[in-house]
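Scroll down for the structure; my scribbles are underneath it.
The values are calculated or read from the model by the stated rules, or taken from the named source; none is laboratory data. Here the structure is a predicted model, which means the values were calculated and not measured. Here the Cβ positions follow ideal geometry from the backbone for every residue, glycine too, while neighbour counts run over all protein chains shown. Side chains included, ligands, DNA and RNA excluded: accessible areas come from the protein's heavy atoms. Shrake-Rupley method; radii C 1.70, N 1.55, O 1.52, S 1.80 Å.
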Amino acid sequence: MSGYDQTPSGWTAAGVSCPPLDSVAGVRYNGQLTQQGSATLNGDPARNNDNSLNASNIFGNNSFDQLKAMATLVVTTDISGLAPATTGTPARCNTAVTNNWGAPEDASNACFTYFPIIYHNGNMSISGTGAGQGILLVEGDLNVQGRIDFYGPVIVTGGVNIRGTGSDDVKFYGGVMAQDVTLDDSRLTGNATVNYSSCAIQRALQGSAKPIALNERSWVQLYN
């Protein structure tokens, strides 16, 4: 888990405009931070205990209810695999497909500029392979495993459980905000990583065409 600012590989070659790199704390939290096993923290600083964090300001200038009202893609089931989907000639991004969350790793795809605001009510599981981008809002717990990449802010009202399974596993580029997080081998395993990326956050916010202000951080742990 790293607060060192990173630009996802391939975006520079694709001509993506990114802000100057600006590293942040690997973990910014209010309460207690539990770190066990081989879980690692990196950032500037690695950790920041901020007593000003609370449920009313965790989502920047917006409450979670305000953010979910802006959702452009409401998901009601668990997701098994992510893949861009196009339709017509010339190809247009098919935004009606539930597991189409854009094409962040293929600049030639019509969905490269598609950034959905994704909302799921209740606990959500994402598994399989693929990549997505945008803003992910989960009103419950989030469980991710397999070979999934996501580019942009992830905001979860419950807990986050990320499990890698191979040599190239779950990777989040942007940031994860969650109410309950334990940094533990059983929660963040394999090659699963969370990397702060101001570029991924900027593209998601600009691409969603919604006026959302978010505090930039790699991870948040809250106790009410």
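Structure summary
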| quantity | calculated |
| --- | --- |
| Surrounding net charge for Gly122, when Lys and Arg each add one and Asp and Glu each subtract one, Cβ distance under 15 Å | -2 |
| Inter-probe distance in nm under a simple model that places probes 7 Å from Cα toward Cβ, at Leu21 and Ala83 | 3.5 nm |
| Computed FRET value (nearest 0.05) for Ala13 with Gln206, which takes r as the C-beta separation and R₀ as 25 Å | 0.80 |
| Peptide ranges 76-86, 129-139 listed from the most packed, as the mean C-beta count within 10 angstrom indicates | 129-139, 76-86 |
| Net charge contributed by nearby residues that have their C-beta within less than 11 Å of Ile155 (K/R +1, D/E -1) | 0 |
| Per-peptide average of other Cβ atoms within 10 Å, ordering 108-117, 193-202 highest first | 193-202, 108-117 |
| Whole-percent carbon and sulfur share, accessible surface of segment 96-151, 1.4 Å | 41 percent |
